[in-house]
1. At 222 nm, what value in deg cm²/dmol follows for the chain if DSSP H runs of at least 4 each add -39500 (n - 2.57) and the sum is divided by all its residues, to the nearest 500?
2. So what's the gap between the Cα centers of the stretch 158-208 and the stretch 95-142, to the nearest angstrom?
3. For each of GLU85, GLU153, count neighbouring Cβ atoms within 10 Å of the residue's Cβ, then give the residues from fewest to most.
4. Take the chain, connect every pair of alpha-carbon atoms lying under 10 Å apart with a spring to form a Gaussian network, then pick out the residue of ASN165, ASN96, ASN174 with the largest mean-square fluctuation.
5. In a shell of Cβ-Cβ distance under 14 Å around ILE206, excluding ILE206 itself, what net charge do Lys and Arg (+1) and Asp and Glu (-1) give?
6. Rank MET192, MET128, MET78 by mean-square fluctuation in a GNM of the chain with C-alpha springs under 10 angstrom and give only the top-ranked residue.
7. Using unit Cβ charges (K, R positive; D, E negative) and no other charged atoms, how large, in debye to the nearest 20, is the dipole of the chain about its Cα centre?
8. Build a GNM of the chain with springs between Cα atoms under 10 Å: which of GLU172, GLU50, GLU41 gets the top mean-square fluctuation?
Amino acid sequence: MGNFFSKGPDYFGLFQKGIQISSKAAKTLQAAFSGDQIDEEKIKGLRAIEHEGDQHVHECGKLIADAFITPVERPDMMNMIAAIEALTDSIDDIGNQIYMMHIVKKDATSEKFVGLLVSACEELSTMMVVFKNFKTKQDELHKISIRVNHIEEEGDALFISAMRNLFDPKQEMNTVDVIRCEHLYQTMEDAMDCCEDVADAVSHIIITNT
């Protein structure tokens, strides 16, 4: 005889799946940067991953809306889902910038940004696994949040240094290349901010639900 109450959705598993999609996008971007030139086909592949993320958000929204009881407040859960979606979208935005501006050559700055983005997503993936036990794993989650923050700060420092070098009067770059780099670096820095936003969403849930 089955249980009278059926087992509900694994809400924390939804968060894990969402960040796995973000991480897949980051690693696809990294793969696009692995050769001598940026791989356009891999860049185009980001769009399918972004669509996968959108579909996941729709499924999460329905499950949360239909739920009788949720492990944390519904608005907090939706904020978390939205933060993860924004991260995946921001990585897709990097691909869009590369495609629209015909960027084929990578540089040291963009490669470093991609590496930082992958590292941050890996930390967030770990965070989502631990998050299921957030009431007893607060210290561990706090440490992960600090690591994500440090990675984001590295991104900030990289962005400031790169922009200063870009507009150095001694630099000999044509205007089109300056515009390309400026937009790409800004989009990459925005993606780093999105990583921190996900970690902040976790911290908010811990504060409001314990």
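Just so it is clear, none of the values below were taken in a lab; they were calculated from the coordinates. This one's a predicted model, so the numbers in the text were calculated from it and none came from an experiment. As a convention, Cβ positions derive from the backbone with ideal geometry for all residues, glycine included, and neighbour counts pool all protein chains shown.
1. Details: 6 runs with 163 residues, N = 210.
About -28000 deg cm²/dmol.
2. 13
3. Details: GLU85 21, GLU153 12.
In increasing order of surrounding Cβ atoms, one gets GLU153, GLU85.
4. Sorting by GNM fluctuation, first place goes to ASN174.
5. On the way: positive: LYS132, LYS135, LYS137, LYS143; negative: GLU73, ASP76, ASP139, GLU140, ASP200.
Taking every Cβ under 14 Å from that of ILE206, the sum is -1.
6. Per the Cα network of the chain with a 10 Å cutoff, MET78 tops the list.
7. On the way: 20 positive and 36 negative charges, 137 e Å.
In debye, rounded to 20, the chain gives about 660.
8. Looking only at GLU172, GLU50, GLU41, the largest GNM fluctuation is found for GLU172.
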